[in-house]
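J.: Have a look at this one.
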Amino acid sequence: MDVSSIIFLGLLAAAIMYAVTIYNNLVSLKHSVSKAWANIDVLLKQRHDELPKLIETCKQYMAHEQGTLEKVIQARSAVSSAREKGDVKSLGSAESQLRMGLGNLFALAEAYPDLKADESFRQLQARISGLEDAIADRREFYNETVNANNVRIEQFPDVIIARMMNFKERDLLEFTDEEKQDVDVKALFG
């Protein structure tokens, strides 16, 4: 073997190792996105399981606030459906409706001193509020991971490997400006 053959083989080996490194990094990012989604999914499931308990507790005190309770139930169902389908876009909208419904429910609870004093209600409210905070944290982590994935599969030279191996862009979990608006608490008591 002459020197030029050795150099060529060395460069070829380096290029192959570089391509393998890119591929492995893309695989790692893809699985990080899946893991981040799974973490959100677990929290959504926990909240899904807690909401019926909260609604039952509220029903005992808030018989004439049925519309608010029904909106929470419908939003819970929409979140569950989007979660089960893995539909990130629908989940964002359903999550907004659920957060708005819970905000309305908690605001209305202020008008019911017996409900606010109920130990079960207070525990459920604290549990669900804690889950809401955890979901927000996990949503942020998910979006960071999705963003890293999406940027990486568009950057050169990673884009070459990403296209060859069919790596896909993932959707961010986003909310529209309308969905991010605060609940009008005064309107609930008007």
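Where a number appears in this text, it was derived from the coordinates with a stated rule and is not lab data. Here the structure is a predicted model, which means the values were calculated and not measured. Quick reminder, even Gly has a Cβ in these numbers, built from the backbone with ideal geometry, and neighbours come from all protein chains shown.
J.: Exceeding 28 Å between C-alpha atoms, which entries from my cross-link table qualify? They are K53/K85; K89/K116; K45/K116; K59/K85.
T.: K89/K116; K59/K85, as the Cα separations exceed 28 Å there.
J.: Normalised by the number of residues in the chain, what is the relative contact order in percent for Cα pairs under 8 Å and 6+ residues apart?
T.: Here the relative contact order equals 31 percent.
J.: Using r as the Cβ-Cβ distance of D137 and H31, and R0 as 22 Å, what FRET efficiency do you calculate, to the nearest 0.05? Kindly include the intermediate steps, with their values, before the conclusion.
T.: Values: r = 20 Å, r/R0 = 0.91.
So, using R0 = 22 Å, E works out to roughly 0.65.
J.: How many nm is it between the label spots at S77 and L12, if each spot is 7 Å from the Cα in line with the beta carbon?
T.: Inter-label distance under the simple model: 6.4 nm.
J.: Here is a follow-up. Given the C-alpha centroids of the range 134-154 and the range 47-93, what is the distance between them in whole angstrom?
T.: Using only Cα atoms to place each centre, the spacing works out to 26 Å.
J.: Give me the one-decimal nm value for the distance between modelled label points at D41 and K53, 7 Å along each residue's Cα-to-Cβ direction.
T.: Distance between label points: 2.3 nm.
J.: After finding the eigenvalues of the alpha carbon gyration tensor for the range 1-70, what semi-axes result from the square roots of 5 times each, listed largest first in whole Å? Please list the in-between numbers first.
T.: Numbers: eigenvalues 797, 13, 3 Å².
Equivalent ellipsoid semi-axes, largest first: 63, 8, 4 Å.
J.: How much length would be gained if the chain were fully extended between V151 and E110, taking 0.36 nm per residue of separation minus their Cα-Cα distance, in nm to one decimal? Don't skip to the end; give the middle numbers.
T.: Values: separation 41, 0.36 × 41 = 14.76 nm, distance 4.57 nm.
So the chain would gain 10.2 nm between V151 and E110.
J.: What's the FRET efficiency of V159 with K89 using the Cβ-Cβ distance as r and R₀ = 25 Å, to the nearest 0.05?
T.: Working: r = 24 Å, r/R0 = 0.97.
The calculated FRET efficiency here is 0.55.
J.: Let a ≥ b ≥ c be the square roots of the eigenvalues of the Cα gyration tensor of the range 3-189; is it rounded (a/c under 1.5), or, if not, prolate (a/b larger than b/c) or oblate?
T.: prolate
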